[in-house]
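A short worksheet on the structure shown next.
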Amino acid sequence: MATKTRAAKSTIPTLKDLTKQVDRFRKDVEKTVEKVGREAKRYLPAKSRRQIDDLIDSVAKTVDNVRTDVEDRVSDIRGTVDKRVKALRKDTTSRGQKALDTLEKETRKQLDRLLKAIGVPMRSDLDSIKRRVGAIERKLDDLLAGHKKAA
């Protein structure tokens with residue numbers, strides 16, 4: 001019997017989840033404050049209603065301040081996450097390039113060994129031959145110049 005594996009869920013909420021939770025919390029608080037205000041107005045005399053309205057306004061301002069604080073913190077977190085992602089991308093790119101360079105060097109070494117094993121001349125062999133031929137040409141030129149002077 002085949003079993004299905006489920007991906008482990010992260011316990012860290014996403015920024016979208018946090019925003020939804022803050023919005024739900026704000027709406028719940030606003031509804032509760034409004035309901036309390038309506039109920040309080042029924043039982044209080046007209047003079048006291050002004051105090052309740054002031055209290056409701058104060059609570060609404062506090063809710064707005066809390067929302068602003070949460071939004072600021074979420075924004076800070078988003079900035080931090082963006083910086084970390086950027087650093088990880090840079091690090092990953094750098095490591096990838098280093099791995100590619102290492103792979104190219106190792107491939108060249110292996111190819112050089114293979115060509116040497118089968119007897120194919122390599123660039124370094126040709127460069128060595130060029131240097132030797134150049135040295136021989138200079139010696140011949142010197143000998144010819146010395147021979148002309150003697151004659």
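No value in this document is a laboratory result; all are computed from the given coordinates. Please read these numbers as outputs of a predicted model, since none were measured by experiment. Counting neighbours? That spans all protein chains shown, and the Cβs are built from the backbone with ideal geometry, glycine included.
Let me have the 222 nm mean residue ellipticity of the chain computed from DSSP H runs of 4+ only, each contributing -39500 (n - 2.57), with the sum over all residues rounded to the nearest 500.
Helices in the chain give a 222 nm mean residue ellipticity of -32000 deg cm²/dmol.
Please list, by residue number, everything in segment 80-100 whose backbone N is under 14 Å from a paramagnetic label point 7 Å out along Cα→Cβ of THR107.
97-100
So, R0 is 25 Å and r is the distance between the beta-carbons of LEU100 and LYS16; what FRET efficiency does that work out to, to 0.05? Could you put the intermediate results ahead of the total?
Values: r = 36 Å, r/R0 = 1.45.
In this case the efficiency is close to 0.10.
Please list, or write none, the lysines whose alpha carbon is within less than 19 Å of the alpha carbon of LYS105, excluding same-chain residues fewer than 8 places away.
Once the sequence-local lysines are set aside, what remains near LYS105 is LYS116.
Given labels modelled 7 Å from the Cα in the Cβ direction, how far is it in nm from VAL66 to ARG89?
3.6
In what sequence, highest mean first, do 15-27, 131-143 appear when ranked by Cβ atoms within 10 angstrom?
By packing density, highest mean first, the sequence is 15-27, 131-143.
When only C-alpha pairs under 8 Å and at least 6 residues apart count, what is the relative contact order of the chain, in percent?
Dividing the mean separation by the residue count of the chain yields 17 percent.
Fully extended, how many nm does the chain gain between ASP125 and ASP142 (0.36 nm per residue separation, minus their Cα-Cα distance)? Don't jump to the answer; show the numbers that get you there.
Numbers: separation 17, 0.36 × 17 = 6.12 nm, distance 2.59 nm.
Separation in residues times 0.36 nm, less the Cα-Cα distance, equals 3.5 nm.
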